[in-house]
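**Q** My questions will all concern the structure given below.
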Amino acid sequence: GEDVEQSLFLSVREGDSSVINCTYTDSSSTYLYWYKQEPGAGLQLLTYIFSNMDMKQDQRLTVLLNKKDKHLSLRIADTQTGDSAIYFCAESPHSGYSTLTFGKGTMLLVSP
Amino acid sequence: NAGVMQNPRHLVRRRGQEARLRCSPMKGHSHVYWYRQLPEEGLKFMVYLQKENIIDESGMPKERFSAEFPKEGPSILRIQQVVRGDSAAYFCASSPPREETQYFGPGTRLLVL
């Protein structure tokens, strides 16, 4: 079955870059997503990448996809204290409709 | 365009009672998904619905749980005879037709005493 793995915790200083990593097992994944969850809140879609892409950049966010190794990463440049949250990687194996499979989330703590 | 709306945001029930969770998708979205997040876990898919149809319920527990998305009104996730293990955050997401991206609501946090 599908499985998505993430490291559980990352701590960085304000202004540094953060890199959150994710691995997945389903080779038929079509879309890969990054969601952000702040305490007590819902999930905010940050960005996504289609499986035929290697990289996607959106302002401070850079997503890298290594399809051969089934490895996805999210880089946040110039990390701010407001970036402190849980970041979920998710993959969608189907085309037509998507039932997302999520990792357990990486808690990012940004210290001043 | 208001986002996905869920209510109530918090729900407390005693064991054996019923819980009804509501989800109003974004305007123009006809696809609704329900996910459950247990403490310190990722979200787990439960059910995918379109208007008046259940498309995929492979993640739904076989008993006590049901979902509907009527022609008019919100989608409802219903949990009968709740048990403590049902305590979790339940998230609804919606997407427009022919689009993969899902947009999530704020969730309903269910606590079973």
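Where a number appears in this text, it was derived from the coordinates with a stated rule and is not lab data. Please read these numbers as outputs of a predicted model, since none were measured by experiment. Note that each Cβ is placed from the backbone with ideal geometry, even for glycine, and that neighbours are counted across all protein chains shown.
**Q** Obtain the radius of gyration and the Kirkwood radius of the protein assembly as shown from its C-alpha atoms and give Rg over Rh.
**A** Here Rg/Rh amounts to 0.97.
**Q** What lysines does residue A:70 reach when the alpha-carbon gap must be under 20 Å and sequence neighbours fewer than 8 apart in one chain are set aside?
**A** The reachable lysines, counting only those whose Cα sits under 20 Å from residue A:70, are A:56, A:104.
**Q** Could you point to the residue in B:10, B:102, B:31 farthest towards the positive end of chain B's charge dipole, with +1 and -1 charges on the Cβ of Lys/Arg and Asp/Glu respectively?
**A** B:10
**Q** Can you check what the Kirkwood hydrodynamic radius comes to for chain B, Cα pairs only, in Å to one decimal?
**A** About 14.0 Å, per the Kirkwood formula over Cα pairs.
**Q** If you don't mind, another one. Report, for chain B, the % of DSSP beta bridges that are antiparallel, rounded to 5. Don't skip to the end; give the middle numbers.
**A** Working: 34 of 38 bridges.
Here the share of antiparallel DSSP bridges comes out near 90 percent.
**Q** Using Cα-only point scatterers and the Debye equation, what is log10 of I(q)/I(0) for chain A at each q in 0.13 Å⁻¹, rounded to two decimals?
**A** -0.44
**Q** Step by step: find N for the range B:1-63, compute 2.2 N^0.38 Å, then divide the Cα radius of gyration by it. What's the final number?
**A** With N residues counted in the range B:1-63, Rg over 2.2 N^0.38 Å equals 1.25.
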